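Please read the structure below before turning to the comments.
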Amino acid sequence: MTDLLAGLSLRDLETRNRIAVSPMCQYSCDPDGLPTEWHRVHLGSRAVGGAGIVMTEATAVSPEGRITPHDLGIWSDDHAEALEPITEFIREQGGVPAIQLAHAGHKASKERPWEGHVPIQPDETGPSGAAGWEVLSPSPDAYPPFDGDRPAMRKAEQDDIEGVIDAYRAAAERSLAAGFEIAEVHAAHGYLLHEFLSPVTNHREDDYGGSFENRTRLVREVVAAVREVWPDDKPVFVRISGTDWLDDRESWDIEQSVRLADDLADLGVDLVDVSSGGLHPDQSISGGPNFQVPLAEQVREGADVAVGAVGGVTEPEQADALIRNERADLVLVGREFLRDPYFGLRATGDLERDPDAVAKEWPVQYRRATQR
Ligand SMILES: Cc1cc2nc3c(=O)[nH]c(=O)nc-3n(C[C@H](O)[C@H](O)[C@H](O)COP(=O)(O)O)c2cc1C
């Protein structure tokens, strides 16, 4: 029986276990989007802590695609060069470095959460002194004001769409140069690609709006561009919101997610990472243990692709049960990895019965800690 400590094989990649650090924004760059010491220590310590996959936060494929001026970016060769020592360190620790490639769409140009998270207009500067910018949206008329405020928005025209696809392709090439082994396309949480997917935020009447095929066109084109430059021996993931949690209106739901997952698999996607929501303030969502797992399970049952489950996983036994019961192929852990950077080592200690095997998972520098 496959369990949490079993490696996951995807193409030529094999992970040491099925635990991944879920992408988590740190908003800790200068406005140049280059990684700082914070990123090196934050990602590095989770690799030391035994995660099989260490994924970066949402990393912007272009400056306009940042949520805040302080997001991590991968829009130049300088970014790739600056990220390389981090991927090298993750690999040295036995982890697989992964990058989440993102464009924030209409949710861009905001202050950091701890500075209020409200939009910064193009002619304003936020509390850190960084300027805002005009954000991109499939249909500006579709947006509710964000906490009574609204960023300056521009409708994505054909050349903007081509620019986004090109930015994803170039970002994937740079990610490869930086040493990442998994590229994850962020198509969840109300950011640009999800905005195109959902009829709530996509009111377009061109080839990118209306039917399922049209609304999914951009994500399929982005994935095809990434797959084109990402080597055949390395996996591509896509994170989706399994549902908008807006049952009272025509919206993105689990049936469409299953259908999309199959289309993505046909394009060479190896794993669909199933999150949810984030599109609209009216969403009706409840958290708690495993709160999104039923969505992952439905995608796993309905589509021919490996699936990652995320949300409310805090205990090794709980994560192990998701794999043993074939509810998911990979477990992504977010907030628990902030509480405990050594969650991966904790899982090995709790689940592995052979003390020598446990010790082997620990960094040599820390191995004495496995003895009393
Ligand atoms: C501080 C923080 C930052 C996050 N940033 C991202 C992000 O950059 N990309 C993303 O897809 N999800 C992001 N998320 C969502 C997490 O990846 C994860 O899906 C969510 O927290 C649920 O998992 P958990 O219950 O294990 O925390 C973030 C969550 C937190 C807590």
Requested in this report: Using the charge dipole of the stretch 9-370 (Lys, Arg: +1 at Cβ; Asp, Glu: -1 at Cβ; taken about the Cα centre), state which of 294, 235, 211 has its Cα farthest towards the positive end.
Outcome: 294
Query - Packing-based ranking, highest mean first, of 252-263, 44-55, 103-114 given that Cβ atoms within 10 Å are counted - result: 44-55, 103-114, 252-263
Query raised in the report: Sorted by packing (mean other beta-carbon atoms within 10 Å per residue), highest first, where do 86-93, 63-70 land?
Result: 63-70, 86-93
Report task. May I ask for the Kirkwood hydrodynamic radius of the stretch 9-370, worked out over all distinct Cα pairs and given in angstroms to one decimal? Result -> 20.5 Å
Query - Cleavage-rule hits (GluC sites (Glu not before Pro)) in the stretch 186-218: DSSP loop, at most 15 neighbouring Cβ within 10 angstrom - result: 205
**Report entry** Hits among lysines - C-alpha to C-alpha of residue 107 under 29 Å, sequence gap 8 or more where chains match
**Finding:** 155
Query raised in the report: By its C-alpha gyration tensor, with a ≥ b ≥ c as the square roots of the eigenvalues, how is the stretch 318-372 shaped: rounded for a/c under 1.5, else prolate for a/b larger than b/c, else oblate?
Result: oblate
Query raised in the report: Shape call for the stretch 229-354 from the C-alpha gyration tensor, a ≥ b ≥ c root eigenvalues: rounded (a/c under 1.5), prolate (a/b greater than b/c) or oblate?
Result: oblate
Query raised in the report: If contacts are Cα pairs under 8 angstrom and at least 6 residues apart, what is the relative contact order of the stretch 306-367 in percent?
Result: 31 percent
Report summary line: Per the C-alpha gyration tensor (a ≥ b ≥ c, the square roots of its eigenvalues), the stretch 7-92 is rounded if a/c is under 1.5, else prolate if a/b beats b/c, else oblate; here it's prolate
Query - Cβ-based net charge around residue 328, under 13 Å, with every Lys or Arg adding one and every Asp or Glu removing one - result: -3
Query raised in the report: Rounded to the nearest 500, what is the chain's calculated 222 nm mean residue ellipticity when only DSSP H runs of at least 4 contribute -39500 (n - 2.57) each, over all residues?
Result: -10000 deg cm²/dmol
Query raised in the report: FRET efficiency for residue 203 and residue 1, Cβ-Cβ distance as r, R0 = 56 Å, nearest 0.05?
Result: 0.70
Query raised in the report: So, counting K/R as plus one and D/E as minus one, what does the shell of residues with Cβ under 10 Å around residue 154 add up to?
Result: -3
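Only the coordinates and a few stated rules stand behind these numbers; no lab work does. As the structure is a computational prediction, the values presented were derived from the model and not from experiment. Here the Cβ is made from the backbone with ideal geometry for all residues, glycine too, and neighbour counts use every protein chain on show.
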